[in-house]
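The values are calculated or read from the model by the stated rules, or taken from the named source; none is laboratory data. Only a predicted model underlies this, so the values are computations on that prediction, with no experimental measurement involved. Cβ placement follows ideal geometry from the backbone for every residue including glycine, while neighbour counts extend to all protein chains displayed.
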Amino acid sequence: MTRFRLLATATAAFVLSAAGLHTMPANATGPEMVTLEDGSKTQKGAKPEDGKWMTPDGEPTYRVKTDGTLDWYSYSGFRRYHSECHVCHGPEGEGSTYAPALKDSLKTMSYGDFIGVVASGRMRHLPGGQESVMPALGDNKNVMCYIDDIYVYLKARADGALGRGRPVGRDEKPQGAKDYDKACFGE
């Protein structure tokens, strides 16, 4: 996804979310998980595009092989999540006393809403006068350059395609991912 498309998606998601609208109904889960002929799991209709698995509506998704090997982007998401997100949201997206379980949130949260919340942050008022605050991470390149990766890792967890623990392996890093890393970090 180009920087412009990523920024446009995050902006649109934030505007819709702020207006109380959602890009996906609250009870929707997106394309259902399916098992492919080779036994691997992904979302219904997903196809690889230059090593990145995409749903028919153009959103990134995962592929988990029968032995637990992940596509590059899902594995990268595992690494990035545990580098940047797990301190608050717990290991493997399981949640903590401090922040919600993202593996549960992604059962109903759309891709656009996810990007919007991560980029722009969110504050919620909880019972008892407490507040829950997700900081805005839109200027953190270690998060935003890998937001699709983090999303697909958490989506695989939400869909039950990927269990807890360190993945057994990963596909090789595609050239498109190498080029994107350089472009995103300005190299």
> Name the residues in the stretch 162-182 that are farther than 13 Å from Glu94 by Cβ and either in a loop (DSSP other than H, G, I, E, B) or under 13 Å from the mean Cα position of the chain (by Cα) (or both), would you?
Replying inline: Arg166, Pro167, Val168, Asp171, Glu172, Lys173, Pro174
>> So Thr108 passes all but one of these: (1) in contact with a strand residue (DSSP E or B) (Cβ under 9 Å, 6 or more places away or on another chain); (2) at pLDDT 90 or above. Which condition number does it fail?
In response: (1)
> Can you pull out the residues in the stretch 88-127 that are in contact with a helix residue (DSSP H, G or I) (Cβ under 6 Å, 6 or more places away or on another chain), among the small types (Gly, Ala, Ser) and within 20 Å of Lys141 (Cβ to Cβ)?
Replying inline: Gly116, Ala119, Ser120
> Where residues in the stretch 141-161 are assigned to a loop (DSSP other than H, G, I, E, B) and at pLDDT 95 or above, which of them is farthest from Ala101 (Cα to Cα)?
Replying inline: Cys145
>> Being surrounded by 11 or more Cβ atoms within 10 Å (Cβ to Cβ), of a type in the set (Lys, Arg) and touching a helix residue (DSSP H, G or I) at 6+ places or on another chain (Cβ under 6 Å) narrows it down to one residue among Arg166, Arg157; which is it?
In response: Arg157
> Which of the residues belonging to the stretch 123-140 are farther than 17 Å from Val87 by Cα and modelled with pLDDT of 90 or more?
Replying inline: Gly138, Asp139
> Between residues in the stretch 96-115 that are aromatic (Phe, Trp, Tyr) and buried (at least 17 other Cβ atoms within 10 Å of the Cβ) and residues that are assigned to a loop (DSSP other than H, G, I, E, B) and at pLDDT 95 or above, which pairs lie under 9 Å by C-beta distance while being six or more apart or on different chains?
Replying inline: Tyr111/Thr55; Tyr111/Glu59
> Picking from Gly138, Gly121, Gly129, Gly165, which residue would you name as being over 30 Å from Thr35 (Cα atoms) and touching a residue at least 40 places away in the same chain (Cβ under 8 Å)?
Replying inline: Gly138
